[in-house]
1. Being more than 29 Å from Ala73 (Cα to Cα), free of Cβ contacts under 8 Å to residues at least 12 places away in the same chain and not polar (S, T, N, Q) is the requirement here; does Leu207 meet it?
2. Can you give me the ranges of the helices (runs of 4 or more DSSP H) entirely in the stretch 201-311 with at least 2 residues that are of a type in the set (A, V, I, L, M) and within 18 Å of Ile7 (Cβ to Cβ)?
3. Where residues in the stretch 92-144 are under 16 Å from the mean Cα position of the chain (by Cα) and of a type in the set (Phe, Trp, Tyr), which of them is nearest to Met53 (Cα to Cα)?
4. Quick test of your reading of the structure: Thr30 fulfils all but one of (1) assigned to a loop (DSSP other than H, G, I, E, B); (2) loosely packed, with under 14 Cβ neighbours inside 10 Å. Name the failing condition by number.
5. Out of curiosity, is Ile118 at negative phi and surrounded by 15 or more Cβ atoms within 10 Å (Cβ to Cβ)?
6. Can you say whether Tyr92 is more than 26 Å from Gly299 (Cα to Cα) and buried (at least 16 other Cβ atoms within 10 Å of the Cβ), as far as the supplied structure shows?
7. Give the residue that is surrounded by the most Cβ atoms within 10 Å (Cβ to Cβ), with candidates limited to residues of the stretch 121-144 that are within 21 Å of Cys212 (Cα to Cα) and of a type in the set (A, V, I, L, M).
Amino acid sequence: MRFCNYIYCNSMLEPEDADCPLCGYPADETKLHDADFLLSLLPDVGLEKLIDMHQIVPKKEGNLQLQMKMIEALSIESLLLQSVPNKVTSLYNNQDLRDLKAEHPQLFHISQFSDPRIPFVKWKLKKYAKQNNRVIKILPCLGFQPDEPKYDKFWGAMEELGLCVMTHTGFITARHKAEEKKAGLFLNSKYCRPIFFDRVARKFPSLQIILCHMGGNEWVEEACQMVTQHDNVWGDISGPGIWALKRILRLGIEVDWRKIFWGNDSAAQAYPFNLRMQYQLLAESPYAAAIPYVFYNNGAKFLQTYLTGAR
């Protein structure tokens, strides 16, 4: 018995399959270092341009160069890049992303990581807003429940400053154990339920909230309700959001497809597998008409309304 080794696929392979027929992940993993091979796998999704609304930048040799090749090959018009706490050394953090944005101001939109529990957090939010960084990334899995009233001042400041929030939802991959130990930050998935933003969305109706990964396998139905019921809540199917997408399509869960974003959320070499898989899942479903919305239209609307055209 053999399975695809792409972390977000894991499809069972038939004996005659050399590579994964769904996502294209190669049996020979040395090909993952061959840029020409990876570029040859990129699917034609039938759109002139794409927008990646959730991408990370690993501090790995050659990753940024491959990222730029993928951007050109896929005609990615804009990317929203995710930040991390400074203790996480494997990915670009706040300052790294500000430097990258300065080099490519028209291409990259960036988030800035923040934690509502830290001292003087409102001062930091004002600094980010003054720098015209309008997206704040938070990680409730660090140990806080976002709908507790003691965080209302944080959400109120976010709303007043015209900032948007992106939050991880769904299970935190256990692949991070070694890095958690190194950083001394041990995560807890129980705080990553989409429903913890229900009260926040109600009390701060102008605060735009993006539920990253749409709750994953665990809480996808909560995420779908949040996105569909709240005008100010959006969702992305990046990374483990692929599992959420599978459940939405398989179970026919109702969701407002006009508020769902696509994102890679992996090293640049994962673009072919991520994109082939998500496109094929949608194209073969009753929701194929959502493809231009998920891969471009929704992101373009969000960026123009809340970031590019923001105060």
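Any read-out appearing in this document is the output of simple, stated calculations on the displayed coordinates, not a laboratory observation. Computed from a predicted structure; not experimentally measured. Here the Cβ is made from the backbone with ideal geometry for all residues, glycine too, and neighbour counts use every protein chain on show.
1. Against the criterion (more than 29 Å from Ala73 (Cα to Cα), free of Cβ contacts under 8 Å to residues at least 12 places away in the same chain and not polar (S, T, N, Q)), Leu207 does not qualify.
2. 241-251, 271-283
3. Only one residue fits best here, namely Phe108.
4. For Thr30, the failing item is (1).
5. Judged against the criteria, Ile118 is not a match.
6. So Tyr92 fails the test.
7. Only one residue fits best here, namely Ile136.
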